[in-house]
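Participant: Questions regarding the structure given below will be posed in turn.
A short reminder: the numbers here are calculations on the coordinates, not readings from a lab. Remember, predicted model here, so these are calculated numbers, not experimental data.
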């Protein structure tokens, strides 16, 4: 793995996990030092992160973690719903047995993780469930399009799911409902349930601005804080 790819992966994961806050200013110099590399690969990583809409680069001001507004959340979730419902229909035509088997396999894994409070395992099973529609669609462009917003959506979900796990319990019930519709041979009801499942994030009580263009007050992290994040 190249240094720029390594930097991209580490910074992306820190944004998605919530270790780096929405809207905070990123120090190219200190991140490079924390990752024990020169500034050049970090600068390249910032450009790729910008292309994935995970950071905003402001000329003469710096690089900031993306700070989604409710408008952004609606557009990202709508985009995801369009892709997943299309992927569902295509995948049922191309690989119905594989899709249903994958969904049926992930449900007990989600249930086990939910009971244990193991959110990392729950998230992994959840992602596998949704990717079954995308990766079995038979359309090579669909995964590429899906990947454009997947990290940003995951970053939102991580922040939404923090705490009691109530959101995950609701999510788990919705996953089971979608599978029941598919097993009953009703793709229209399944697609409607899938869209509702994705769009529910717009009802979440997240502290986000209504419109685009706002940034949180920049944090001044120390080098030691960056080292803790990227250790």
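Participant: Could you please state, rounded to a whole Å, how far the C-alpha centre of segment 97-163 is from the C-alpha centre of segment 1-54?
Facilitator: Each part's Cα centre sits 24 Å from the other's.
Participant: Let me ask another. Relative contact order (percent) for the chain, with alpha-carbon contacts under 8 angstrom and 6 or more residues of separation? Spell out each step's value before the answer.
Facilitator: Values: 277 pairs, mean separation 73.3, N = 231.
Once normalised by length, the contact order is 32 percent.
Participant: Going by a ≥ b ≥ c, the root eigenvalues of the Cα gyration tensor, does segment 70-203 fall in the rounded group (a/c under 1.5), the prolate group (a/b larger than b/c) or the oblate group?
Facilitator: Working: a/c = 1.60, a/b = 1.16, b/c = 1.39.
Oblate is the answer for segment 70-203, as a/c is 1.5 or above yet b/c matches or exceeds a/b.
Participant: Let me ask another. With axes computed from alpha carbons, what is the tilt in degrees of helix 119-135 against the longest principal axis of the chain, rounded to the nearest 10 within 0 to 90?
Facilitator: Result, in degrees: 70.
Participant: Decide, for segment 18-110, between rounded, prolate and oblate: order the square roots of the alpha carbon gyration tensor eigenvalues as a ≥ b ≥ c, take rounded if a/c falls under 1.5, and otherwise choose prolate if a/b is larger than b/c, else oblate.
Facilitator: Working: a/c = 2.88, a/b = 2.11, b/c = 1.37.
Taking the square roots of the gyration eigenvalues as a ≥ b ≥ c, segment 18-110 is prolate.
Participant: Right, another one. Would you calculate a helix-derived [θ] at 222 nm for the chain, using -39,500 (n - 2.57) for each DSSP H run of n ≥ 4 and dividing by the full residue count, to the nearest 500?
Facilitator: Details: 9 runs with 158 residues, N = 231.
Value at 222 nm, helices only: -23000 deg cm²/dmol.
Participant: Would you mind classifying the chain by shape? Square roots of the alpha carbon gyration tensor eigenvalues, ordered a ≥ b ≥ c; an a/c under 1.5 is rounded, otherwise it is prolate if a/b is larger than b/c and oblate if not.
Facilitator: Numbers: a/c = 1.94, a/b = 1.85, b/c = 1.05.
Taking the square roots of the gyration eigenvalues as a ≥ b ≥ c, the chain is prolate.
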